[in-house]
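One structure is given below, encoded as structure tokens.
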Amino acid sequence: MPLVEHLRELRNRLAKGMLAIVVVTIAAAFYSQALMEFLSAPVPRCEKGLGETTGGACAVIAYTDLLSPFTTTVKVSLMAGVIIASPIWLYQLWAFVAPGLHKHERKYTYAFVTAAVPLFLGGAALAYTILPISMRVLLGITPDGSANILPMDKILDFTVRMVLIFGAAFELPLLLIMLNLTGIVTGRRMLGWWRGVVMGVFVFGAVATPTTDPVGMIALAGPIVVLYFMAVAFSLLNDKRRRRANPDAELDDDEASKLDLTPEDVGEIESVSSARSLPAQASSDRDRLNGYDDIT
């Protein structure tokens, strides 16, 4: 297709994806109250009249300005629209890109998406599970006699940030496996990185999680370390399979393969018949130089 046709197709694909997001966002606006209750459920709420004396035991959820209820509702509805409509707009993007990919590239893409979605959902579920513990630890720092008044939009931002960080972090082992399948990184090399990777994962868990408690860091770093070693084990098995199929598969482009220079027995010598003489060679009346004539 010419460039104009590609641009027209891209416009149509984006329009369909945006239309799906708008429709789902409007539908989600009718359930925005339930969505906000679900996202704010990890917060330990105070009963009426206890907000001033419980200290860090609980918190009061509030809206800090006049427009906060409206903007929070729009934000939650739009977020739900993007997530729920993701199969539609992701398919539109895939339908635009897929015709330009080779068969093996499409195969790798299908495998990546099939594994990436459960990993992301697993990370998001883990984040939502540990949110109550993290919030209680953070609220526990509040001294007695003080009240925790938390804006609803801040709670939603905190919850969504935790879910996205955990979900994205769980994709790291899958990225390593894809690098191994494409031959960029070997399993032995990844295994040699284990000390730095473990240290880096725990540092990332301490920096990336919005909470300052060790619970969130360990909850994020622990599963990633386990998934990392699972990715290393898969890569080692894949390298072993690749070596059986091709002993030179792991060689660099400028590295020579190993040659076996051990002499071998040539076996029984086969006799070879001599070729017929040329007519001029059969004649005996010709000059010879060191036993050879000019024809030879």
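The values are calculated or read from the model by the stated rules, or taken from the named source; none is laboratory data. Computed from a prediction, not measured in an experiment: that's the story for all the values here. Glycine also receives a Cβ, built like all others from the backbone with ideal geometry; neighbour counts cover every protein chain displayed. These accessible areas exclude ligands, DNA and RNA; they are computed on the full protein's heavy atoms, side chains included. Shrake-Rupley method; radii C 1.70, N 1.55, O 1.52, S 1.80 Å.
Observations
- Filter result for residue 105 (outside any helix (DSSP H, G or I), of a type outside the set (Ser, Thr, Tyr) and modelled with pLDDT under 80): no
To keep it simple, each residue is scored yes or no on (1) touching a residue at least 60 places away in the same chain (Cβ under 8 Å); (2) surrounded by 13 or more Cβ atoms within 10 Å (Cβ to Cβ).
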{"site": "134", "(1), (2)": "yes, yes"}
{"site": "153", "(1), (2)": "yes, yes"}
{"site": "183", "(1), (2)": "yes, no"}
{"site": "196", "(1), (2)": "no, no"}
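- Hits in segment 206-249 - residues which are at pLDDT below 70, open to solvent by 70 Å² or more (accessible area, probe 1.4 Å) and among the charged types (D, E, K, R): 248
- The one condition in (1) more than 25 Å from residue 165 (Cβ to Cβ); (2) at pLDDT 80 or above that residue 82 fails to fulfil: (1)
- Whichever residue in segment 33-59 is part of a helix (DSSP H, G or I) and at pLDDT 80 or above and, among such residues, is nearest to residue 143 (Cα to Cα): 40
- Out of 88, 84, one residue alone is over 27 Å from residue 220 (Cβ atoms), in contact (Cβ under 8 Å) with a residue 24 or more places away in the chain and surrounded by 15 or more Cβ atoms within 10 Å (Cβ to Cβ). It is 88.
- Filter result (under 26 Å from residue 123 (Cβ atoms) and surrounded by 14 or more Cβ atoms within 10 Å (Cβ to Cβ)) within segment 138-150: 138, 139, 150
- Filter result for residue 62 (open to solvent by less than 70 Å² (accessible area, probe 1.4 Å), of a type in the set (A, V, I, L, M, F, W, C), farther than 30 Å from residue 178 by Cβ and at pLDDT 80 or above): yes
Quick grid of which residues meet (1) out of contact with any helix residue (DSSP H, G or I) (no Cβ under 6 Å at 6 or more places or on another chain); (2) under 17 Å from residue 37 (Cβ atoms):
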site: 122; (1), (2): yes, no
site: 127; (1), (2): no, no
site: 132; (1), (2): yes, yes
site: 136; (1), (2): yes, no
site: 142; (1), (2): no, no
site: 145; (1), (2): yes, no
site: 151; (1), (2): yes, yes
site: 154; (1), (2): yes, yes
site: 157; (1), (2): yes, yes
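- Checking each residue in segment 13-32 for being open to solvent by 70 Å² or more (accessible area, probe 1.4 Å), in a helix (DSSP H, G or I) and without any contact (Cβ under 8 Å) to a residue 24 or more places away in the chain picks out only 19.
- Taking segment 91-115 as the range and being of a type in the set (A, V, I, L, M) and open to solvent by less than 60 Å² (accessible area, probe 1.4 Å) as the test, the residues that pass are 95, 98, 101, 111, 115.
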